[in-house]
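*Asks:* Before I ask anything, let me first share the structure, which is written out below as C-alpha cells.
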Amino acid sequence: MARKKIETCAFCGRKGNEVEVLIPSAIDPEVFMCSDCADALHDILQEYRGTMKQAAGKKGADIETGMESIPKPREIKEYLDQYVIGQDSAKRYLSVAVYNHYKRLQQPGDDDVDIEKSNIVLVGPTGTGKTLLAKTIARLLKVPFTIVDATVLTQAGYVGEDIESLLTRLLQVADYNVEKAQKGIVFIDEIDKIARKGDNPSITRDVSGEGVQQGLLKLLEGSVVNVPPQGGRKHPEQRMIPVDTKNILFICGGAFDGIERKIAQRLNTHAVGYTTDASRRINSDSYLNYVAPQDLKSFGLIPEIIGRLPILTHLEPLDREALRRVLTEPKNAITRQYEKLFAMDGVKLTFAPEALDTIVDKAIEYKLGARGLRAIVETVMIDAMFDLPSKDEKEFTVSAPYVMEKLRESHYELNSQAATDAP
C-alpha cells in the first residue's frame, strides 16, 4: 500500500497541520505555500512599496523646487493680494524673503559665496493680518511650512513646551522626512510674548521670557538640533532626530502692544525745540512706520535675537476703507462665507451697503481690527442662522437697522456706551 504524501510549504517546510492553510500553486498542484509565509511576503511587499513611494516623492519634491517652478516675488504678492487687504510693505518683504529662500536652496554646495538666510520679524497691532499672511502664503509654498505659537514655550525644566517642539511641528508637516524639513519655513507667532520682563538681564532662570529667547538663538542662526519626534517631556525615552536649521527660514510676528511709546520716546530725542524739521516730518498717527531694531530692544527682545532677525517690517492698522474691503473683496471674505452657509439651506443672503458701513463703524469703535468684523457679523447673524433653516423664506437681506437691533440685543451697544461714559 502506497504511503500518502504529506503536504508541506515549499518556503518554510511546515506541514499542513502546523499552519492555518496551505495554498496550492496554479502551475504545480503538489507545490504549496502556507498562510504564514503569504503574510510575511505581504509585509515585505508593503515595506518595499512604501520605500519606493517615499523615494519617488522625494525625487518629485526636488523637481518641484526647481528654479523654473519658483514663483517670482511679484507673483507671490499678487497671490497674497487675493486674500489679504492692504499691507503692501509687509507683502513685499515676505515675497522677497520667500523667493530668496527658494534660491538659497538651489545654491550648489561648492559655491564660494554662501548666501545667508534673512529671518523676518513682523510688527503690527492685533487684527492687521500677521497670521493671515502666514496662513495664506503656506498655501502657495512647495516647501514644508508650519505656524507655531511662542506663548506656550518655556525654558527647559518648566511645565510647557520645549523650544525644540517648533521643529517637531515642522517634521510632522514634512512626514518626518528630515531632508525635506531642513528646507522648510517656520512662522513663530506672538514673538512679543517672550519679551524680557525687566530692563536688566535676568540673573536667575526666566520661565518664559529671556530664557526662551536664549534657547531660540541656536535655532534662528543655524545649528544641528536634536528634536524629539513626539515631544520631549512626555516621552523622554524616545530617540532624538538631528535637524540642521541652517536652511530653515524663520518668520516671527507679534503685536508688540505699547511699542509706539518706545518709538515716540526715541523720536523725540532727535527733535530739539518746537518747530524742527524732524518733528514736522513725523506722522504721529502711525509711529510703527518708524520702528527700528532699538525699539524691539527697548520692548524686551535681547540684542542677540534681534541680530538674528535682520529684516524688520510693520503692518499698518486697518483704516475704515481697508476694513470695508475686508468684508467683501477677499476670496474668503466674511460676507461670502455667510452667503455660502445660507445658500446651503437654499436662502439667498444679501448685505445692504448701509449694513456693511455700520459693521465697519462698530469695528473701528471697538478697536478690534479685522477680527472685530467677524465677531460683529457673527453676533448679528446668529438669530437668522438659528431661525431661517426652519422657515420657507428664500431670501434674506441684512439692513443697517437690523444690525443695530441685534447689537443692542446682545448688549454690544450697552457695553460700548458704558465705556464711553466712564470717567
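The values are calculated or read from the model by the stated rules, or taken from the named source; none is laboratory data. As the structure is a prediction and not an experimental result, all values here were calculated from the model. Positions of Cβ are backbone-derived with ideal geometry, glycine not excepted, and every protein chain shown enters the neighbour counts. Side chains are part of the model used for accessible areas, which takes the heavy atoms of the whole protein and leaves out ligands, DNA and RNA. Shrake-Rupley method; radii C 1.70, N 1.55, O 1.52, S 1.80 Å.
*Asks:* Just the residues that are touching a residue at least 60 places away in the same chain (Cβ under 8 Å) and open to solvent by 50 Å² or more (accessible area, probe 1.4 Å), please, taken from the range 340-378. Steps first, please.
*Replies:* Taking the range 340-378 first, the residues touching a residue at least 60 places away in the same chain (Cβ under 8 Å) are 368-372.
Matches in the range 340-378: Leu368, Arg371.
*Asks:* Select from the range 289-321 the residues that are under 30 Å from Val377 (Cβ atoms) and buried (at least 20 other Cβ atoms within 10 Å of the Cβ) and write down the one among them that is farthest from the chain's Cα centre (by Cα).
*Replies:* Selected residue: Leu318.
*Asks:* Quick check on Lys58: is it modelled with pLDDT of 90 or more and either part of a loop (DSSP other than H, G, I, E, B) or among the basic types (Lys, Arg) (or both)? Step through it out loud before you land on a result.
*Replies:* On the way: modelled with pLDDT of 90 or more: no; either part of a loop (DSSP other than H, G, I, E, B) or among the basic types (Lys, Arg) (or both): yes.
The answer is no for Lys58.
*Asks:* Just need a number here: residues in the range 8-24 that are without any contact (Cβ under 8 Å) to a residue 24 or more places away in the chain, touching a strand residue (DSSP E or B) at 6+ places or on another chain (Cβ under 7 Å) and open to solvent by less than 60 Å² (accessible area, probe 1.4 Å).
*Replies:* 3
*Asks:* If we scan the range 255-270, do we find a residue that is farther than 19 Å from Gln87 by Cβ, in contact with a Gly (Cβ under 9 Å, 6 or more places away or on another chain) and either modelled with pLDDT under 90 or open to solvent by 30 Å² or more (accessible area, probe 1.4 Å) (or both)? Write out each step before concluding.
*Replies:* Pass one, the range 255-270, residues farther than 19 Å from Gln87 by Cβ: 258, 261-262, 264-270.
The next check asks that each one be in contact with a Gly (Cβ under 9 Å, 6 or more places away or on another chain); those that pass are none.
Taking every residue of the range 255-270 in turn, none turns out to be farther than 19 Å from Gln87 by Cβ, in contact with a Gly (Cβ under 9 Å, 6 or more places away or on another chain) and either modelled with pLDDT under 90 or open to solvent by 30 Å² or more (accessible area, probe 1.4 Å) (or both).
*Asks:* Could you give every pair whose Cβ atoms fall below 8 Å, whose first residue belongs to the range 182-196 and is at positive phi, and whose second residue is open to solvent by 10 Å² or more (accessible area, probe 1.4 Å), counting only separations of at least 6 or pairs across chains?
*Replies:* From residues that are at positive phi, the pairs are Glu190/Asp149; Glu190/Thr151; Glu190/Ala255.
*Asks:* Just checking, does the range 183-192 include any residue being over 14 Å from the mean Cα position of the chain (by Cα), closer than 19 Å to Ile311 by Cβ and in a helix (DSSP H, G or I)?
*Replies:* The answer is yes, given that some residue of the range 183-192 is over 14 Å from the mean Cα position of the chain (by Cα), closer than 19 Å to Ile311 by Cβ and in a helix (DSSP H, G or I).
*Asks:* Tally time: how many residues in the range 69-123 are polar (S, T, N, Q), in contact (Cβ under 8 Å) with a residue 60 or more places away in the chain and open to solvent by less than 40 Å² (accessible area, probe 1.4 Å)?
*Replies:* Looking only at the range 69-123, we keep the residues that are polar (S, T, N, Q), and these are 69, 82, 87, 89, 95, 100, 106-107, 118-119.
Then drop every residue that is not in contact (Cβ under 8 Å) with a residue 60 or more places away in the chain, which leaves 69, 82, 87, 89, 118-119.
From what's left, open to solvent by less than 40 Å² (accessible area, probe 1.4 Å): 69, 87, 119.
The total comes to 3.
*Asks:* Might you check whether a residue that is open to solvent by less than 60 Å² (accessible area, probe 1.4 Å), assigned to a helix (DSSP H, G or I), closer than 30 Å to Asp319 by Cα and touching a residue at least 24 places away in the same chain (Cβ under 8 Å) occurs anywhere in the range 149-157?
*Replies:* yes
*Asks:* Considering the range 238-254 alone, what residues qualify as being in contact (Cβ under 8 Å) with a residue 60 or more places away in the chain and open to solvent by 30 Å² or more (accessible area, probe 1.4 Å)? It would help to see each step written out before you state the result.
*Replies:* Of all residues in the range 238-254, those in contact (Cβ under 8 Å) with a residue 60 or more places away in the chain come to 241-254.
Result: Ile241, Pro242, Asp244, Lys246, Asn247.
*Asks:* I've got another one for you. Just one of the numbered conditions (1) under 31 Å from the mean Cα position of the chain (by Cα); (2) open to solvent by less than 70 Å² (accessible area, probe 1.4 Å); (3) at pLDDT 80 or above is not true of Thr65; which one?
*Replies:* Only one criterion is unmet by Thr65, namely (3).
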